[in-house]
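Notes follow once the structure below has been shown.
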Amino acid sequence: MDVRLNVLVVSDSDMVRALASVAVGSSADLAASFAVSRGEALLALGSGCFDLLVLDWRLPAASVIAAAARNAGVPFMTVNDDDLSALRGGAFACVPCPFTSRTIAGALEAGLPSRV
């Protein structure tokens with residue numbers, strides 16, 4: 001039986017969502033859903049349907065979304081986190097600028113073995 005992990009990508013940037021979509025799509029083990037605001041992200045995390053979170057750290061209230069992920073037991077990584085502050089907040093990876101879909105995919109893959 002295949003186990004697919006559901007990844008929630010949260011960003012208000014079309015570019016970030018596109019790069020994350022390519023990164024998630026490069027793994028047969030992952031399926032992506034998207035949120036563009038704090039409200040959408042909190043609603044999605046509250047559904048209990050997600051295994052991982054990719055969070056754009058430049059999104060307003062990103063720290064609130066990260067706290068909700070921690071409270072829901074959803075491991076998260078960040079992109080656009082140039083000072084790596086999310087690592088102190090519990091992120092399993094932080095991808096600073098500039099980044100590509102490959103750097104996002106690499107961070108996701110590095111976080112998967114201990115998460116599956």
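The values are calculated or read from the model by the stated rules, or taken from the named source; none is laboratory data. This structure is a prediction, so every number in the text was calculated from the model and none was measured. Quick reminder, even Gly has a Cβ in these numbers, built from the backbone with ideal geometry, and neighbours come from all protein chains shown. Surface accessibility is based on the protein's heavy atoms, side chains included, excluding ligands, DNA and RNA. Shrake-Rupley method; radii C 1.70, N 1.55, O 1.52, S 1.80 Å.
Summing Lys, Arg as +1 and Asp, Glu as -1, what charge do residues with Cβ under 14 Å from the Cβ of residue 65 carry, residue 65 excluded? Please list the in-between numbers first.
Values: positive: 38, 58, 70; negative: 12, 40, 56, 81.
For residues surrounding residue 65, the net value is -1.
Give me the percent of accessible area attributable to carbon and sulfur for the chain, probe 1.4 angstrom.
Numbers: 3180 of 5830 Å².
Summing carbon and sulfur atoms, their accessible area is 54 percent of the total for the chain.
Can you list residues whose amide H is under 5 Å from residue 30's amide H, if they're 5+ apart or on another chain and H is modeled 1.01 Å from N?
Close amide H contacts, sequence-distant or interchain: 5.
Please work out the FRET efficiency for the pair residue 4 and residue 103, using the Cβ-Cβ distance as r and a Förster radius of 22 Å; give the result to the nearest 0.05. Present the calculation step by step, with values, prior to reporting the outcome.
Values: r = 22 Å, r/R0 = 1.01.
For residue 4 and residue 103, the calculated efficiency is 0.50.
Tell me the Rg and the Dmax, in Å, that the Cα atoms of the chain produce.
When restricted to Cα atoms, the chain yields Rg and Dmax of 12.5, 40 Å.
Modelling each spin label as a point 7 Å along the Cα-to-Cβ direction, I'd like the residue 33/residue 63 distance in nm, to one decimal.
Once both label points are built, they end up 2.7 nm from each other.
With every protein chain in place, what's the accessible area of residue 92 (1.4 Å probe, Å², nearest 10)?
40
Suppose the chain between residue 87 and residue 12 were pulled fully straight at 0.36 nm per residue; how much longer would it get relative to their current alpha carbon spacing?
Numbers: separation 75, 0.36 × 75 = 27.00 nm, distance 2.13 nm.
So the chain would gain 24.9 nm between residue 87 and residue 12.
Please report how far the C-alpha centroid of the range 42-116 lies from that of the range 1-33, rounded to the nearest whole angstrom.
Answer, in whole Å: 12.
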